[in-house]
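Everything on this sheet refers to the single structure shown next.
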Amino acid sequence: MVELLKWTAIGSSLRRLDGVAKVRGTARYAFDQQVENPTYLYPVQSTIALGKVSKMDTGRAEGVNGVIAVLSHLNAPKLEQTDDAELAVLQGTHIGFRGQFIAAVLAETPEIARHAASLVAVEYQIAEHDAAFRAEHPGLYAPEQVNGDFDTDTTEEDVESALEASAVVIDQIYTTPAEHNNPMEPHATVAQWHNGELTLYDSTQGVHPVRQSIAPMFGLVPEAVRVIAPHVGGGFGSKGLPHAHVVLAALAAQCSGGRPVKFALARQQMFSLSGYRTPTIQHVRLGAGKDGRLVAISQDAVSQTSRIKEFAEQTAVPARMMYSSPNRRTTHRLVPLDVAVPSWMRGPGECPGMFGPEVAMDELAEACGLDPIELRVRNEPDRDPDSGKPFSSRHLLECFRTGAERFGWGRRSSQPRARLKDGWWVGLGVASATYPFMRNPGNAARISFQEDGSYTVQIGAADLGTGAWTVLTQIAADALHVSPDQVHLEIGDTSLPVATVAGGSSGTASWGGTIIAAAQAFRREHGANPAPGAQTQAEAPEDPDAERYAMHSFGAQFAETRVHADTGEVRVSRMLGVFSAGRIINPRTARSQFIGGMTMGIGMAFHEDGVMDPRFGMIVNHDLADYHIPTNADITDVDAIWLEETDHRAGPLGARGIGEIGIVGAAAAIANATYNATGLRVRTLPLTPDKFLF
Ligand code: MOS
């Protein structure tokens with residue numbers, strides 16, 4: 001256990017320090033960066049899903065006035081490292097998915113580049129592709145590990161016999177579709193070479209991680225690559241690692257005569273080039289006594305990967321720790337397809353993986369004649385069922401109790417399809433949420449004192465729009481025993497000390513813990529009255545509790561839905577999330593993260609569906625006109641609250657991270673509410689009106 005900071009700036013709803021610049025339009029995102037004499041890049045994408053480029057004629061494109069270069073496998077500079085097939089662009093003729101970069105035009109204006117790109121003539125040698133996701137795929141295989149370095153399977157032989165002997169069994173298939181990260185700011189990179197060194201203005205969740213991946217591809221030491229990202233317009237995981245466009249921009253900048261290259265993906269291009277959430281097929285089996293106590297939990301999860309690069313969603317991992325059960329089986333299998341590379345999307349693993357089991361729990365509650373909250377009470381474990389370690393803090397039931405009272409859960413009819421109001425069936429539903437606590441090693445922060453009495457705090461973190469600028473300033477202020485306006489924070493640049501990715505909801509704890517360590521070191525070295533120019537750099541402290549405790553955040557999602565009796569139109573009329581996430585650093589930005597996650601969960605429940613046409617290997621609804629995300633008209637009353645809590649095991653902040661848990665369980669709560677409203681159990685997302693016509 002560590003000593004906690006005095007709570008002064010921490011816990012206050014300080015307004016976003018970057019808010020004014022963003023509202024006025026002066027905050028510079030990657031593409032906005034003012035560089036001298038820029039050039040513009042537009043890509044050519046493959047129109048087949050599998051095969052080879054057999055012939056490419058760039059002559060007409062090259063002849064367009066204003067075109068500087070046309071890059072393809074024929075003339076692109078060679079990369080030093082090509083083992084990552086997603087990133088190794090223009091290095092050969094192989095095509096592994098539809099939409100892959102096969103050429104790019106560099107020109108004086110974006111319009112010229114785009115026009116010339118349309119003139120590149122390509123001939124293909126077409127191979128027969130397979131882009132149809134199905135659990136009975138002949139190539140189904142078990143990956144060595146799943147995302148997050150988790151074991152692929154946990155199996156116990158007794159599961160089958162326990163299921164057979166169970167008084168009540170739920171045995172169903174649940175599916176979630178491909179979902180696409182759609183941050184407001186598209187992926188964008190500005191690249192420039194100077195004396196053999198590379199500068200990238202990039203829209204990224206981690207400047208240091210981008211440097212670490214990109215530098216070796218160009219045969220450079222990390223210090224020869226500088227990545228700058230002061231402001232980022234969202235990412236939801238899709239900017240957690242560099243994608244192919246970053247490499248393409250850097251390659252093109254080797255052919256621009258030293259001029260900078262500006263490259264932003266168009267919205268449609270993002271659907272195949274920036275990662276997405278794999279579709280999942282989840283076979284969930286729950287076995288219980290008549291009293292609802294689980295005796296067996298089984299989840300077999302199938303997801304897809306691109307054949308050119310493996311990504312294994314850890315869909316069945318949350319089932320390992322969520323509920324008590326003497327018998328448990330969780331497995332992951334991958335379908336290898338000729339499709340774009342899936343990756344992280346808000347709550348990878350937990351988000352899709354809590355859909356199947358949390359709907360199954362609702363089905364089990366009904367089968368046992370129990371209230372769904374009471375069912376969770378009966379299956380609450382006293383330690384982590386997976387590791388056997390004690391939880392640092394587990395307040396799931398308190399979240400449910402608090403939410404039940406506030407939401408009016410007592411008014412729910414245990415009988416489905418009992419309340420028809422003004423032509424709408426109305427129902428209530430719940431689901432649990434969870435997200436692991438991650439605090440990453442490998443961070444450092446530097447603190448210096450200025451003559452004017454202010455402190456400069458430097459760490460190469462990134463604010464992807466969550467509020468890191470603000471909360472890190474609050475943390476630094478308390479750590480230095482000064483007010484936030486005496487802190488001058490610097491983030492978003494690899495010239496600052498090394499920092500880990502803004503991912504896994506780990507940023508605040510990882511960077512904040514490092515800033516605290518640096519502040520303590522500074523005070524030890526320089527005292528409370530430092531001389532101007534005093535400076536200290538420190539690394540992230542060791543975290544002994546990380547090994548001793550299972551650390552997770554928890555939440556209870558409540559939804560009231562309305563389903564139109566004639567049209568099947570579905571709406572969430574009220575939603576409440578109650579979260580236990582340790583200490584909340586800034587209630588204003590935290591609430592924004594929670595309700596943002598829940599809003600995205602409404603999108604998952606009702607709208608989001610990347611429709612693959614397997615004949616062409618493409619997502620056909622690849623724009624915001626056809627791929628729906630919730631907008632104002634879809635969101636009425638979404639509220640989030642949290643338990644007042646400090647997790648004394650979770651580092652010096654006592655905070656566990658809030659960026660992702662808001663989406664977890666949200667779609668399940670909504671699905672359960674639509675069942676309560678209509679008596680129709682839908683196990684396939686999204687919950688579109690056609691599924692409620694009866
Ligand atoms: Mo988040 S999907 O871990 O960036």
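Figures for the structure shown
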item: Subset of the range 199-255 that is of a type in the set (Ser, Thr, Tyr) and more than 20 Å from the chain's Cα centre (by Cα) - its residue that is farthest from the ligand (Cβ to nearest atom); result: Thr199
item: Single unsatisfied condition, Glu185 versus (1) surrounded by fewer than 23 Cβ atoms within 10 Å (Cβ to Cβ); (2) under 26 Å from the mean Cα position of the chain (by Cα); (3) in a helix (DSSP H, G or I); result: (3)
item: Residue match in the range 415-430 (condition: within 26 Å of the chain's Cα centre (by Cα) and either in contact (Cβ under 8 Å) with a residue 24 or more places away in the chain or farther than 24 Å from Asp647 by Cα (or both)); result: yes
item: Within the range 487-513, tally of residues that are in a helix (DSSP H, G or I) and out of contact with any helix residue (DSSP H, G or I) (no Cβ under 7 Å at 6 or more places or on another chain); result: 3
item: Selection count where residues are within 14 Å of the ligand (Cβ to nearest atom) and touching a helix residue (DSSP H, G or I) at 6+ places or on another chain (Cβ under 9 Å), scope the range 256-275; result: 1
item: Residue match in the range 322-339 (condition: within 16 Å of the ligand (Cβ to nearest atom), closer than 22 Å to Pro143 by Cβ and in contact (Cβ under 8 Å) with a residue 24 or more places away in the chain); result: no
item: Residue satisfying condition, being buried (at least 16 other Cβ atoms within 10 Å of the Cβ), at negative phi, within 27 Å of the chain's Cα centre (by Cα) and not basic (Lys, Arg), within set Ala21, Ala69, Ala61, Ala88; result: Ala88
item: Any hit, the range 293-305, residues being in the same structural domain as Thr599 (by TED's automatic domain parsing), within 16 Å of the ligand (Cβ to nearest atom) and within 21 Å of the chain's Cα centre (by Cα); result: yes
item: Sole exception among (1) part of a helix (DSSP H, G or I); (2) in contact (Cβ under 8 Å) with a residue 24 or more places away in the chain; (3) out of contact with any Lys or Arg (no Cβ under 7 Å at 6 or more places or on another chain) for Ala633, by number; result: (2)
item: Only one of Ala528, Ala509 that is out of contact with any strand residue (DSSP E or B) (no Cβ under 9 Å at 6 or more places or on another chain) and more than 30 Å from Gly427 (Cβ to Cβ); result: Ala528
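So that you can scan it fast, the table gives a plain yes or no per residue for (1) of a type in the set (Lys, Arg); (2) in contact with a Leu (Cβ under 9 Å, 6 or more places away or on another chain); (3) within 16 Å of the ligand (Cβ to nearest atom):
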{"position": "Arg591", "(1), (2), (3)": "yes, no, no"}
{"position": "Gly597", "(1), (2), (3)": "no, no, yes"}
{"position": "Met600", "(1), (2), (3)": "no, no, yes"}
{"position": "Met618", "(1), (2), (3)": "no, no, no"}
{"position": "Ala625", "(1), (2), (3)": "no, no, no"}
{"position": "Arg649", "(1), (2), (3)": "yes, no, no"}
{"position": "Tyr675", "(1), (2), (3)": "no, no, no"}
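Residues are listed down the side, and each one gets a yes or a no for (1) in contact with an Asp or Glu (Cβ under 6 Å, 6 or more places away or on another chain); (2) surrounded by fewer than 24 Cβ atoms within 10 Å (Cβ to Cβ); (3) assigned to a strand (DSSP E or B):
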position: Thr199; (1), (2), (3): no, yes, yes
position: Arg211; (1), (2), (3): no, no, no
position: Gly237; (1), (2), (3): no, no, no
position: Leu248; (1), (2), (3): no, no, no
position: Gly257; (1), (2), (3): no, yes, no
position: Ser272; (1), (2), (3): no, no, no
position: Ile281; (1), (2), (3): no, yes, yes
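The values are calculated or read from the model by the stated rules, or taken from the named source; none is laboratory data. What you see is a predicted model, and the numbers here were worked out from it, not measured in a lab. Note that each Cβ is placed from the backbone with ideal geometry, even for glycine, and that neighbours are counted across all protein chains shown.
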